[in-house]
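The values are calculated or read from the model by the stated rules, or taken from the named source; none is laboratory data. Because the structure is a prediction, the values reported are computed rather than measured. Don't worry about glycine lacking a Cβ; one is built from the backbone with ideal geometry, like all the others, and counts go over all protein chains shown. SASA here: full protein model, heavy atoms, side chains in, ligands and nucleic acids out. Shrake-Rupley method; radii C 1.70, N 1.55, O 1.52, S 1.80 Å.
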Amino acid sequence: MNLKQLEFAVALAEEGNFTRAAARCHVVQSALSHQIAHLEQELGAPLFERLPRQVRATPAGEALLVHARQVLASVRHLRADVAASIGQVRGTLAVGQISSLTGIDVVALLAGFQQRYRQVEFQLRMDKSETLIAQVRDRQLDIALVGLAPSASIEGVCHRVLQEEALVAVMAPQHPLAGRKRLPLQALVDQALVDFPQGTGARRQTDDAFAAANLPHPVRFEVSHLELVERIVRHGLAVGIVPLSIAEGFSGVARIALQPTPRRRVHLVWQRVPTPAAQAFLQDLLSAAGAGSAP
């Protein structure tokens, strides 16, 4: 067993396809398939199920992936720490963010960071908060910016609150409630609502607000993208509840304050032992957010 085989296995699991995994690893497909077969032979178990249009990890493969990711992350840290010991910042910096992030331009910060640290390669992923936190915990990401309800807890990683903002109701201008300056949550109970899927960090922000007011929270439209929220609201199909900074970017909708006011917190999340590149980028993010210095 070698590091390349572990890298191939992780790539195959994440891509779900031999061709894409081979392209990601910069090898021909036959070479990747050969190495996966060698790994399965050595471990004495099939690691991947070959389906007609997809490759999926078996239970044995899932067990391998847990350790493979840890080993590859440890090697990445090792190389970065050795480089740092001779005054270099290098390696890979993997950053994640939610799609609804505002106030912090991660892409601009990465561009400026690259100018200073040209030996650092970047990865940027966009996903839901709970997935990003899990990826930081599993050392697939170095840093993530996530949005959570004030009641949410974060375990197994370092974190700091960067922003807290109110959520507001958004609705079509012709909606009967659109002329109001402020709405009680009670007024939305009988309305068609659009929100993020049950169990996500974004949904918990509104679920908590309705629960605290002892109100039901019926959601008719469950979507995963803010663009869909905006379109559904603009066409008058439902009322949405989104962060104020997001609502201000919507076009063709009315924005109304809520009472009691749901809130969300934007957290910066990072590994307990960050690489030198991650430590340097943490400082950039905290400075951009006006949150002081990196610990």
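Express the carbon and sulfur contribution to the solvent-accessible surface of the chain as a percent, rounded to the nearest whole number, probe 1.4 angstrom. Exposed carbon and sulfur together represent 51 percent of the surface. Probing with 1.4 Å while keeping every protein chain in the model, the per residue accessible area of the range 120-201 equals 46 Å². Taking amide H positions as modeled 1.01 Å from N, with prolines and chain starts lacking one, the residues under 5 Å from THR92 and 5 or more places away or on another chain are GLU121. Here the Karplus curve 6.51 cos²θ - 1.76 cosθ + 1.60, taken at θ = phi - 60°, turns the phi angles of the range 195-211 into couplings of 7, 7, x, 4, x, 7, x, 5, 5, 4, 4, 7, 4, 4, 5, 5, 5 Hz, with x standing for Gly and Pro. For LEU162, nonlocal amide neighbours, meaning residues 5 or more places apart or on other chains whose placed amide H falls under 5 Å from its own, are VAL266, HIS267, LEU268. Scanning residues 5 or more positions from LEU258 or on other chains, those with amide H under 5 Å from its amide H are ALA169, LEU183, with H placed 1.01 Å from N in the peptide plane. The string of couplings for the range 31-43 from the Karplus curve (6.51, -1.76, 1.60, θ = phi - 60°) is 5, 5, 4, 4, 5, 5, 4, 4, 5, 5, 5, 5, 7 Hz, one whole number per residue in order, with x for Gly and Pro. Listed values for the range 275-284 are Karplus-derived 3J(HN,Hα) couplings in whole Hz (6.51 cos²θ - 1.76 cosθ + 1.60, θ = phi - 60°), namely 5, x, 5, 5, 4, 5, 6, 4, 4, 4, and x replaces Gly and Pro.
With protein chains left intact and a 1.4 Å probe, residues in the range 1-104 average 54 Å² of accessible area per residue. Maximal additional length on extending the GLU121-SER251 stretch stands at 43.2 nm, based on 0.36 nm per residue less the C-alpha distance. Against the set [x] 132; [y] 158; [z] 113, the structure's computed volume of the Cα convex hull per residue in Å³ falls on [y].
Write out the chymotrypsin sites (Phe, Trp or Tyr not before Pro) in the range 1-94 meeting two conditions: DSSP loop, and at most 10 other Cβ atoms within 10 Å of their Cβ. Before the final figure, lay out the partial values.
Values: sites: PHE8, PHE18, PHE48; in loops: none.
Qualifying residues, ordered by number: none.
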